[in-house]
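Read through the structure below, which is laid out as structure tokens, and then see the notes.
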Amino acid sequence: MTDTLTPEKQSPPSTDRPPNSFSDRLFAGLALAAGITIMVALAGVFVFLAIEGAPGLSVDPSFYEPATTFAGYVWPLVWGTTLAALIALVFAVPFAIGLALFVSHYAPRRLATPVAYLIDLLAAIPSVVFGLWGGGVLNRYMVPIQDWLYAHFSWIPFFAGPPSATGRTMLTAGVVLAIMVLPITTAICREVFARTPRLNEEAALALGATRWEMIRTAVFPYSRSGMISAVMLGLGRALGETMAVAMVLSASPIVTLNIISSSNPATIASNIASNYKEATPDKQAVLIATGLVLFAFTFAVNFVARWVAGRSDRRMA
């Protein structure tokens, strides 16, 4: 016996707009235009760097001093850029994840809201202010820390010393960069943690898990790709930072693991900022070529991060 739906039992007509409504087409067009604009802008930056920097690959070797080739000139800069960014991530990522968890899962709302605002406020501080603070205040407080590291861990290449008497070292620059990348990494992790399905968390708690076990088994697996994206965005900020590093470091064109001595490798961005204004046209071409290397390096890092995040999403699906 089949039931027939009476008019009273029939479902009410859907009020959703058809998929081809004008507002949907307008939004799709705006989103497509925004994406194309970004791609065109990136392509324009690449073309400019390639055209203006190409002459810098074949100038007189004297412009590469103390190296004799462009590869020898840019390698210490790539190393310094990578080292400073990695030091920043080592300090920033644990704090960012801890703060994000505190705001999203531990702190009461009356405390979580102002803490989140204060963290986000760090993103509004100009980098030159961080540079002034790092080079004029923080470096003095880093001197005893570096002396202690040298006294107890000099057998590790990172702390081989001798420690700098001024505190203007790669370690200080890494701490300053960590504070600068903390807001964006924390904000993204916080939003990702907050979007974990409530049913997943309640199911873990119902099975007898503690709050930390619930976070480890329910929140972290769901948020893995978002955490990777947050870390990579922070890495991109650290790779491209200019003024803060230039104002903190006493840099020289060397490759070293030592992060507490007075001899520190320069970064690509800080080297460009320090030398571009007084450079001759040939030297400017060399600096622009190093900017092209930084552009390609940052693009590769973000490409790998996107691939890792996508792979994590596919595993969770």
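The values are calculated or read from the model by the stated rules, or taken from the named source; none is laboratory data. What you see is a predicted model, and the numbers here were worked out from it, not measured in a lab. Heads up, the Cβs are rebuilt from the backbone with ideal geometry, glycines too, and the neighbour counts pull from every protein chain shown. The accessibility values were calculated without ligands, DNA or RNA, using every heavy atom of the protein model including side chains. Shrake-Rupley method; radii C 1.70, N 1.55, O 1.52, S 1.80 Å.
Quick notes on this structure:
- Column: log10 I(q)/I(0), Debye, Cα scatterers of the stretch 124-247, q = 0.09 Å⁻¹: -0.41
- Mean Cα-pair separation over length for the stretch 132-232, i.e. relative contact order, pairs under 8 Å, 6 or more apart, %: 24
- For Asn264, distant residues with modelled amide H under 5 Å away: Ser252
- Per residue, the accessible area of the chain comes to 57 Å² when a 1.4 Å probe rolls over the protein heavy atoms.
- Nearest-ten-degree value, helix 22-53 long axis tilted from longest Cα axis of the chain: 10
- Kirkwood Rh, angstrom, the chain [1 / mean 1/r, Cα pairs]: 23.0
- For the stretch 223-317, the fraction of C-alpha pairs more than 17 angstrom apart is 61%.
- Binned Cα-Cα distance frequencies in the stretch 148-211 - 10 Å width, integer %: 17, 24, 19, 19, 19, 4
- Computed as a quarter of the hull surface, the mean projected area of the alpha carbon convex hull for the stretch 176-239 stands at 4.4 nm².
- Portion, in percent, of the accessible area of the chain that falls on carbon or sulfur, probe 1.4 Å: 69
- Accessible heavy-atom area order of Leu42, Leu207, Leu199, highest first, probe of 1.4 Å: Leu207, Leu199, Leu42
- The stretch 62-208 shape via C-alpha gyration tensor axes, a/c threshold 1.5: prolate
- Among Ala92, Ala67, Ala33: highest mean-square fluctuation, GNM of the chain, C-alpha pairs under 10 Å: Ala33
- Percent of C-alpha pairs per 5 Å bin, the stretch 33-137, short to long: 2, 9, 8, 11, 12, 14, 16, 11, 7, 4, 3, 2, 0
- Added length on full extension, which subtracts the Cα-Cα distance from 0.36 nm per residue, Thr280 to Asp60: 78.0 nm
- For the stretch 187-237, the list of chymotrypsin sites (Phe, Trp or Tyr not before Pro) that fall in a loop by DSSP and count at most 11 other C-beta atoms within 10 angstrom is empty.
- Only protein heavy atoms count here; on that basis, with a 1.4 Å probe, Asp120 has an accessible area of about 60 Å².
- Dipole of the chain [Lys/Arg +1, Asp/Glu -1 at C-beta], most positive-end residue of Gly44, Gly240, Leu149: Leu149
- Gained length - Ala209 relative to Ile125, 0.36 nm times residue gap less alpha-carbon distance: 26.2 nm
- Between helix 109-121 and the chain there is an angle of about 40 degrees, using the helix long axis and the longest principal axis of the Cα atoms.
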